[in-house]
1. If I ask for residues that are polar (S, T, N, Q), touching a residue at least 24 places away in the same chain (Cβ under 8 Å) and open to solvent by 60 Å² or more (accessible area, probe 1.4 Å), which ones from the stretch 108-140 would you list?
2. Among 227, 248, which is the only one that is open to solvent by 20 Å² or more (accessible area, probe 1.4 Å), free of Cβ contacts under 8 Å to residues at least 24 places away in the same chain and within 16 Å of the ligand (Cβ to nearest atom)?
3. Being small (Gly, Ala, Ser) and surrounded by fewer than 19 Cβ atoms within 10 Å (Cβ to Cβ) narrows it down to one residue among 48, 8; which is it?
4. Return the residues of the stretch 51-64 that are closer than 16 Å to residue 151 by Cβ and either open to solvent by less than 40 Å² (accessible area, probe 1.4 Å) or assigned to a helix (DSSP H, G or I) (or both); say none if nothing qualifies.
5. Within the group 183, 105, 169, which residue is of a type in the set (Gly, Ala, Ser), open to solvent by 70 Å² or more (accessible area, probe 1.4 Å) and in contact with a strand residue (DSSP E or B) (Cβ under 8 Å, 6 or more places away or on another chain)?
6. From the list 219, 252, 275, 198, pick out the single residue that is at positive phi, touching a Gly at 6+ places or on another chain (Cβ under 9 Å) and not hydroxyl-bearing (Ser, Thr, Tyr).
7. Which of the residues that make up the stretch 402-419 are over 22 Å from residue 381 (Cα atoms) and either in contact (Cβ under 8 Å) with a residue 24 or more places away in the chain or surrounded by 11 or more Cβ atoms within 10 Å (Cβ to Cβ) (or both)?
8. Residues that are modelled with pLDDT under 95 and open to solvent by 30 Å² or more (accessible area, probe 1.4 Å): which strands (runs of 3 or more DSSP E) entirely in the stretch 252-340 hold 1 or more of them?
Amino acid sequence: MDKIVSLSRRRGFVFQSSEIYGGQGGCWDYGPLGVQLKNNIKQAWWQSIIQERDDVVGVDSSILMNPRVWEASGHVTGFSDPMCDCLKCKMRWRPEDFEGTVCPSCGGELTAPRQFNLMFKTFMGPVEDTAAVVYLRPETAQGIFVNFENVLNTTRKKLPFGIAQIGKSFRNEITTGNFIFRSREFEQMELEYFVKPGTDEYWHDHWLQTRLDWYASLGMNPANLRLRAHCDSELAHYAKACSDIQYLFPMGWSELEGIANRCDFDLKQHSEHSGKKLEYFDEETKEHITPYVIEPSAGVDRSVLAFLIDAYTEEPDKDEIRSVLKLHPRLAPFKAAVLPLSKKEPLANLSKEVYASLRKAWMVTYDDAQSIGRRYRRQDEIGTPYCITVDFDSLNDNQVTIRERDSMTQVRIPIAEIKAYLFPRLKGELK
Ligand code: GAP
């Protein structure tokens, strides 16, 4: 983990939030490379969940919602952790964080455990009183449930169908840590997949496998992924069953994504609290039913961390150690780097032409500083899958050398063919 944190900071993947003011606990900023990686992960998820399926549509709902949403969803009363307060130093502790009866920090007297709600509260409008309280959403899911009828009416989808969204969520986590693994502001990629009651267990299994396959399709080592079913005492207040996709993080197997069977809990709750019937008319049986819902809920930040850890490799190279981020080309921040052998004309001119033409299609970088060996190393370390070297022969034969990151093999191809060469390789279809 230390190596990943250091690489992230040094190369511009992730910075501490508000660093010049000493940071802000549990909040992180993505740098120039991090935002690319994060966007590529979100894009790959959107493509597999929405673009390549007929049965799922997307939404983008607001973060601030009517506070009654959170009463109906059970978050106002149920989304809390038991905490003990130290009467002397005012620190707050989870019961599992200490042994005995006194504060582990100052030895002061502790209160009995009290429920501490994890939702951030703020006020909407000019008056700061209880009537103006709103919450920052702790999950994106509720923005989907409250739009169930809108989406059904506008898309005329038939069961089974899903509604998906990607967006920020906020939780006042007491213990944050393990870098971006557990933070207070994070992003989720959530799908609510509505099914006929009775078919829910089939679809739960379907989504467990589909989501596992997604991580593997983007190069994650399947040996570092596993499923773990929740026992009854662990289940969230809305779930009939839940399994986590766990990743073998440096601190041990930990949750990457939760896939829950929320049954009809949310639609029924919102029907009751809003007075609007959130139902589906089954043409076959001519009955109104409340669908069940299967919810694959993935963390964007945890995916960033898992993909970084999984891709990070150190291998001997002559007398040195080569650090390579073996990211899938679809996830790599830069798809290629253009490296001219000389900074001077006319080589610079030709190299910039190549660069200008490629960046219309992909994120490409240009590096003409220091030796070619050092430039390769810099690109390896940030996961750039292809380095395109423009040399003096290129001026005569109109060809360039393309070096592949993992095998370090090189091929020489005409400049006019670079795009056709890269296209299937950047999709991961060819090496
Ligand atoms: N709508 C269901 C739901 O929110 P969850 O298991 O609480 O379920 C789903 O969260 C995913 O969101 C987790 O698997 C994790 O990837 C991510 N997540 C949850 N809390 C997080 C936090 N404090 N920091 C980073 N990611 C978090």
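1. Correct list: 115 only.
2. Values: 248 fails: free of Cβ contacts under 8 Å to residues at least 24 places away in the same chain.
So the residue among 227, 248 that is open to solvent by 20 Å² or more (accessible area, probe 1.4 Å), free of Cβ contacts under 8 Å to residues at least 24 places away in the same chain and within 16 Å of the ligand (Cβ to nearest atom) is 227.
3. Checking each option against the conditions leaves just 48.
4. At the first step, the residues of the stretch 51-64 found to be closer than 16 Å to residue 151 by Cβ are 53-62.
Correct list: 55, 56, 57, 58, 59, 61.
5. On the way: 183 fails: open to solvent by 70 Å² or more (accessible area, probe 1.4 Å); 169 fails: open to solvent by 70 Å² or more (accessible area, probe 1.4 Å).
Residue meeting the stated conditions: 105.
6. Details: 252 fails: touching a Gly at 6+ places or on another chain (Cβ under 9 Å); 275 fails: touching a Gly at 6+ places or on another chain (Cβ under 9 Å); 198 fails: touching a Gly at 6+ places or on another chain (Cβ under 9 Å).
Checking each option against the conditions leaves just 219.
7. Applying the first criterion (over 22 Å from residue 381 (Cα atoms)) to the stretch 402-419 yields 412-419.
412, 413, 414, 415, 417, 418, 419, listed by residue number.
8. Details: elements: 252-263, 280-282, 287-289, 292-299, 312-317, 320-325, 336-340.
In the stretch 252-340, the matching strands (runs of 3 or more DSSP E) lie at 312-317, 320-325.
The values are calculated or read from the model by the stated rules, or taken from the named source; none is laboratory data. Just so you know, these numbers come straight off a predicted model, no measurement behind them. Positions of Cβ are generated from backbone atoms using ideal geometry, with glycine treated the same way; all protein chains shown enter the neighbour counts. For the accessible areas, the whole protein counts, side chains as well, though only heavy atoms, and no ligand, DNA or RNA atoms are used. Shrake-Rupley method; radii C 1.70, N 1.55, O 1.52, S 1.80 Å.
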